[in-house]
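*Asks:* Structure below; questions to follow.
The values are calculated or read from the model by the stated rules, or taken from the named source; none is laboratory data. Quick caveat, the model's predicted, so the values are computed rather than measured. Every residue, glycine among them, receives a Cβ derived from its backbone with ideal geometry; neighbour counts consider all protein chains shown.
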Amino acid sequence: MQRLTIELGERSYPILIGPGLIDDSAGFEGAVAARDVLVVTNDVVAPLYLDRLLRSLGGRRVASVRLPDGEQHKTLEMTGRIFDALVQSRMNRDSCVIALGGGVVGDMAGFAAACYQRGVDLVQVPTTLLAQVDSSVGGKTGVNHPGGKNLIGAFHQPRAVVSDTTTLGTLPPREVRAGLAEVIKYGLVADAGFLDWLDANMAALLALEPAALAFAIRRSCEIKAGIVSEDEREHGRRALLNLGHTFGHAVEKAAGYGEWLHGEAVGVGMLLAADLSHRLGWIGIPEVGRVRDMLQRAGLPLAAPAIGAAHALDLMGMDKKVLGGRIRLVLLRRLGEGVVSGDYPAQALQATLATYFGGAT
């Protein structure tokens, strides 16, 4: 087992990474202080891992709730089922919510934990690559609104993140590929050396080779831990972790939540960010080509849906990173160095949107 720490003073917490952690009752003794626990999971993950987790939580009063699988269910209405389960199980402020699943489960369970009785403990047990390297870490929780992605939410840090790497063996290949988009993101915005390592080890990651996966997860979490420790609530540097997300959220919303996996949309969004960075003179055509090649070798889609530049821009205008009416984007000064900027020519953004989404510049 590997252990990292998110340094947030009295709210610091560990990230545990390794095989077989769901079956480690001793590990959960340290992670779960509460005696009353609600496990939130979904219909896909529950048959695989719920009973094993319940055995590791022995000695506690445990209830569970299963949600339908998929981004299209990440709504306030569905989160109400978590609140209902908490109330029906007579959970109090000293209880704990455990999120067992991917990013959708983690976001919804975290939001419920943030709101219920004004905040109860949360432990994340992510079972997808995307959740293990990104969404389970950092305290962002929330649900979607018909008007946009993750518009309703709260910051609520977990007490621990327990990432059992053996759960990745049951992932569909498409989910693995989607998770790799977030891994690539970390190299692009913060670590050129990690980007080189990914170039050399992409095939091993797609084959779920344990050593390669363990390193990719650890390095991704190290980068995120360092950034979150500096900027917990995204007032500055943490926004770098949104590379590709503003474009990607427009893709998800336009296509209908659930049609594109989040990582797939982020992947094509990173390609748009690279294109715009080139138009601003920050990176060259070879660098854009390298980003495209990495995404292609990861098995991610490269073509955005033909929704038109004007519609894409309208959807991006509801992104949480809009300030003062200006869309702030994460772009690339160079590969391995991201920058957050709202200072770019509107014509350059329009040209990028038209190239990838279609429509007039």
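*Asks:* State all residues of segment 296-331 that are in contact with a Phe, Trp or Tyr (Cβ under 6 Å, 6 or more places away or on another chain) and under 23 Å from Ile285 (Cα atoms); if no residue qualifies, say none.
*Replies:* Listed by number, the residues that qualify are Ala304, Ala309.
*Asks:* Could you please let me know if Leu76 is touching a residue at least 40 places away in the same chain (Cβ under 8 Å) and more than 24 Å from Ala265 (Cα to Cα)?
*Replies:* Details: touching a residue at least 40 places away in the same chain (Cβ under 8 Å): yes; more than 24 Å from Ala265 (Cα to Cα): no.
Considered against the rule, which asks whether it is touching a residue at least 40 places away in the same chain (Cβ under 8 Å) and more than 24 Å from Ala265 (Cα to Cα), Leu76 comes out as no.
*Asks:* For segment 61-78, does any single residue satisfy the condition of being surrounded by fewer than 18 Cβ atoms within 10 Å (Cβ to Cβ), within 19 Å of Ala31 (Cβ to Cβ), of a type in the set (D, E, K, R) and at pLDDT 95 or above?
*Replies:* So far as segment 61-78 goes, yes, one or more of its residues are surrounded by fewer than 18 Cβ atoms within 10 Å (Cβ to Cβ), within 19 Å of Ala31 (Cβ to Cβ), of a type in the set (D, E, K, R) and at pLDDT 95 or above.
*Asks:* Would you check if there is a residue in segment 154-169 being assigned to a strand (DSSP E or B), touching a Leu at 6+ places or on another chain (Cβ under 6 Å) and at pLDDT below 95?
*Replies:* Initial filter on segment 154-169 (assigned to a strand (DSSP E or B)): 154-155, 160-164.
Subset that is touching a Leu at 6+ places or on another chain (Cβ under 6 Å): 162, 164.
Restricting the remaining residues to those that are at pLDDT below 95 gives none.
Looking for residues that are assigned to a strand (DSSP E or B), touching a Leu at 6+ places or on another chain (Cβ under 6 Å) and at pLDDT below 95, one finds none in segment 154-169, hence no.
*Asks:* May I pose another question? Go through (1) touching a Phe, Trp or Tyr at 6+ places or on another chain (Cβ under 6 Å); (2) assigned to a helix (DSSP H, G or I); (3) surrounded by fewer than 19 Cβ atoms within 10 Å (Cβ to Cβ) one by one and return the number of the condition Pro286 breaks.
*Replies:* Condition (1) is where Pro286 drops out.
*Asks:* Let me ask another. Listed residues Gly142, Gly147; which is over 19 Å from Phe215 (Cβ atoms) and either over 17 Å from the mean Cα position of the chain (by Cα) or among the aromatic types (Phe, Trp, Tyr) (or both)?
*Replies:* Numbers: Gly142 fails: either over 17 Å from the mean Cα position of the chain (by Cα) or among the aromatic types (Phe, Trp, Tyr) (or both).
Answer to the check: Gly147.
*Asks:* If you don't mind, another one. Taking the residues in segment 112-134 that are in contact with an Asp or Glu (Cβ under 6 Å, 6 or more places away or on another chain) and more than 19 Å from Asp43 (Cα to Cα) as candidates, determine which candidate is surrounded by the most Cβ atoms within 10 Å (Cβ to Cβ).
*Replies:* Here the answer is Val133.
*Asks:* Quick check on segment 104-111. Is at least one of its residues of a type outside the set (D, E, K, R) and in a loop (DSSP other than H, G, I, E, B)? I'd like the intermediate steps shown before the answer.
*Replies:* Within segment 104-111, the first condition is being of a type outside the set (D, E, K, R), and the residues that meet it are 104-106, 108-111.
When the remaining residues are screened for being in a loop (DSSP other than H, G, I, E, B), the result is none.
Checked against the condition, which is being of a type outside the set (D, E, K, R) and in a loop (DSSP other than H, G, I, E, B), segment 104-111 yields no hits at all.
*Asks:* Would you tally the residues in segment 310-338 being touching a residue at least 24 places away in the same chain (Cβ under 8 Å) and closer than 14 Å to Thr246 by Cα?
*Replies:* We begin by selecting, within segment 310-338, every residue touching a residue at least 24 places away in the same chain (Cβ under 8 Å); these are 310-313, 315-316, 318-321, 327-338.
Then drop every residue that is not closer than 14 Å to Thr246 by Cα, which leaves 311-313, 315-316, 318-321, 327-331.
Residues meeting the conditions: 14.
*Asks:* Could you please give the count of residues in segment 1-26 that are within 19 Å of Leu213 (Cβ to Cβ) and of a type in the set (Gly, Ala, Ser)? Write out each step before concluding.
*Replies:* Step one: filter segment 1-26 for residues within 19 Å of Leu213 (Cβ to Cβ), giving 1-4, 15-24.
From the residues that got through so far, the ones that are of a type in the set (Gly, Ala, Ser) too are 18, 20.
Final tally of qualifying residues: 2.
*Asks:* Right, something else. Leu86 - would you say it is surrounded by 13 or more Cβ atoms within 10 Å (Cβ to Cβ), in contact with a helix residue (DSSP H, G or I) (Cβ under 8 Å, 6 or more places away or on another chain), assigned by TED's automatic domain parsing to the domain that holds Thr166 and at pLDDT below 95? Lay out the reasoning, then the answer.
*Replies:* Details: surrounded by 13 or more Cβ atoms within 10 Å (Cβ to Cβ): yes; in contact with a helix residue (DSSP H, G or I) (Cβ under 8 Å, 6 or more places away or on another chain): yes; assigned by TED's automatic domain parsing to the domain that holds Thr166: yes; at pLDDT below 95: no.
For Leu86, the condition - surrounded by 13 or more Cβ atoms within 10 Å (Cβ to Cβ), in contact with a helix residue (DSSP H, G or I) (Cβ under 8 Å, 6 or more places away or on another chain), assigned by TED's automatic domain parsing to the domain that holds Thr166 and at pLDDT below 95 - is not met.
*Asks:* Test each condition in (1) of a type outside the set (Ser, Thr, Tyr); (2) surrounded by fewer than 18 Cβ atoms within 10 Å (Cβ to Cβ); (3) in contact with a Leu (Cβ under 8 Å, 6 or more places away or on another chain) for Leu332 and report the one that comes out false.
*Replies:* So the condition that Leu332 fails would be (2).
*Asks:* How do the helices (runs of 4 or more DSSP H) wholly within segment 172-259 filter down when requiring 1 or more residues that are without any contact (Cβ under 8 Å) to a residue 40 or more places away in the chain and surrounded by fewer than 20 Cβ atoms within 10 Å (Cβ to Cβ): which remain?
*Replies:* Working: elements: 173-190, 192-206, 210-230, 245-255.
By residue number, 192-206, 210-230.
*Asks:* Let me ask another. Being β-branched (Val, Ile, Thr) and outside any helix (DSSP H, G or I) is the filter here, so list the residues in segment 290-338 that pass it. Spell out how you get there, then give the answer.
*Replies:* Applying the first criterion (β-branched (Val, Ile, Thr)) to segment 290-338 yields 291, 307, 322, 327, 330.
Within segment 290-338, Ile307, Val322, Ile327, Val330 meet the criteria.
*Asks:* Let me ask something else about it. Quick check: anything in segment 247-268 at pLDDT below 95, of a type in the set (D, E, K, R) and touching a strand residue (DSSP E or B) at 6+ places or on another chain (Cβ under 9 Å)?
*Replies:* yes
*Asks:* Continuing with the same structure: Working only within segment 13-45, note down all residues that are under 21 Å from the mean Cα position of the chain (by Cα) and among the aliphatic types (A, V, I, L, M).
*Replies:* Ile15, Leu16, Ile17, Leu21, Ile22, Val39, Val40, Val44, Val45
*Asks:* Look at Leu8 and say whether it is at pLDDT 95 or above and of a type in the set (A, V, I, L, M). Outline the logic, then answer.
*Replies:* Values: at pLDDT 95 or above: no; of a type in the set (A, V, I, L, M): yes.
Spelling it out, it is not the case that Leu8 is at pLDDT 95 or above and of a type in the set (A, V, I, L, M).
*Asks:* Kindly establish whether Leu329 is over 19 Å from the mean Cα position of the chain (by Cα) and closer than 22 Å to Lys149 by Cα.
*Replies:* On the way: over 19 Å from the mean Cα position of the chain (by Cα): no; closer than 22 Å to Lys149 by Cα: yes.
No, not satisfied.
*Asks:* Same structure, new question: Filter segment 1-48 down to the residues that are in a helix (DSSP H, G or I) and either without any contact (Cβ under 8 Å) to a residue 12 or more places away in the chain or at positive phi (or both), then identify the one that is surrounded by the fewest Cβ atoms within 10 Å (Cβ to Cβ). Write out each step before concluding.
*Replies:* Start the filter on segment 1-48 by keeping residues that are in a helix (DSSP H, G or I), which leaves 9-11, 21-23, 25-31, 46-48.
Subset that is either without any contact (Cβ under 8 Å) to a residue 12 or more places away in the chain or at positive phi (or both): 9-10, 26, 29, 47.
Values: Gly9: 7, Glu10: 4, Ala26: 8, Glu29: 13, Pro47: 10.
Checked segment 1-48; the qualifying residue surrounded by the fewest Cβ atoms within 10 Å (Cβ to Cβ) is Glu10.
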